[in-house]
Amino acid sequence: MFSQADDLREGMMIDQVFTCSRVRARLRESTFGGVLDEYVRQLQARGYVRGTIGKCLGAVEHFGSWLRDQGLTPAAVSRDLIHSFLHGHLPRCRCARMSAYRRAVNASSGSGA
Ligand SMILES: [Zn+2]
């Protein structure tokens, strides 16, 4: 018998969000790959549907990729750095891998619950 808290801990993981094994592998190897399953569980517990969770994971992967391209690690993340990503990088983003990622997300993630 599981409590509701157990159900949340046993909730959705990356594997349930993406059907494409290449996307799952890339996410697990990404900068924030070690915490993405917990991130998915927290989003699910807050009521987000699979398609939205997939888009959130894409955003996290993009941020991690940009961070790595800057020669930085997650330890360097600050409010100013996030501001630079959101307002400096995103409006001018030409990340080729993110274009490929967006195509993969559209092909492999669900659009609803
Ligand atoms: Zn980018």
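All of the numbers you see were taken from the coordinates with simple rules; none came from a lab. Remember, it's a predicted structure, so these values are computed and weren't measured experimentally. Note: ideal-geometry Cβ built from the backbone for every residue, glycine included; neighbour counts use all protein chains shown.
Here are some notes:
- Highest-first packing order for the peptide set 70-77, 56-63 is 56-63, 70-77, based on the mean count of other beta carbon atoms within 10 Å.
- A simple spin-label model places the labels of residue 56 and residue 29 2.6 nm from each other, with each point 7 Å out along Cα-to-Cβ.
- Here the Karplus curve 6.51 cos²θ - 1.76 cosθ + 1.60, taken at θ = phi - 60°, turns the phi angles of the range 26-37 into couplings of 5, 4, 5, 8, 6, 3, 9, x, x, 10, 5, 4 Hz, with x standing for Gly and Pro.
- Distance in nm between pseudo-label sites at residue 49 and residue 80 (7 Å out along the Cβ direction from Cα): 4.1 nm
- Between residue 92 and residue 70, the contour length at 0.36 nm per residue exceeds the Cα-Cα span by 6.4 nm.
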